[in-house]
Amino acid sequence: MSDPEDHLAADRANRMEALARVTNRFSALKGAFAEKGVGQRVGELATGKAKSAAHEAVDVARDAKGVVAGAAGLLALWALRRPIAGQVRRWWPLLKARMGKEKDQ
């Protein structure tokens, strides 16, 4: 054979070998996805990351109980801000009048 024909035959052999590798890899991936679908894999990954984040949050909360208690207190105050403000508006004139009477005495 001549040199260009040898080169063509070598290229063809390389191409066929690469095709066989790609086909084998694709078959392996196809088999792996047949066991578990993409959605199930993504779900497991998301669940795993959420669990690890929750464990990390619990560890941080154990180390900083005061911060957690303060945050819970602030959230409670924020949730009750309208009833508290209503009570302050209701009682403020009475307190103001009582303070005025004490000054006069």
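Could you tell me which of the residues 20, 57, 46 is surrounded by 10 or more Cβ atoms within 10 Å (Cβ to Cβ) and at pLDDT below 95?
57
Could you check, for region 72-94, whether at least one of its residues is surrounded by 10 or more Cβ atoms within 10 Å (Cβ to Cβ), modelled with pLDDT under 90 and assigned to a helix (DSSP H, G or I)?
The answer is no, given that none of the residues of region 72-94 is surrounded by 10 or more Cβ atoms within 10 Å (Cβ to Cβ), modelled with pLDDT under 90 and assigned to a helix (DSSP H, G or I).
Kindly establish whether residue 79 is within 27 Å of the chain's Cα centre (by Cα), more than 30 Å from residue 29 (Cβ to Cβ) and small (Gly, Ala, Ser). Even if it seems obvious, please write down each step before you answer.
Numbers: within 27 Å of the chain's Cα centre (by Cα): yes; more than 30 Å from residue 29 (Cβ to Cβ): yes; small (Gly, Ala, Ser): yes.
The answer is yes for residue 79.
The values are calculated or read from the model by the stated rules, or taken from the named source; none is laboratory data. On a predicted model such as this, the values are computed, not experimentally measured, just so you know. All Cβ positions, glycine included, derive from the backbone under ideal geometry; neighbour counts span all protein chains shown.
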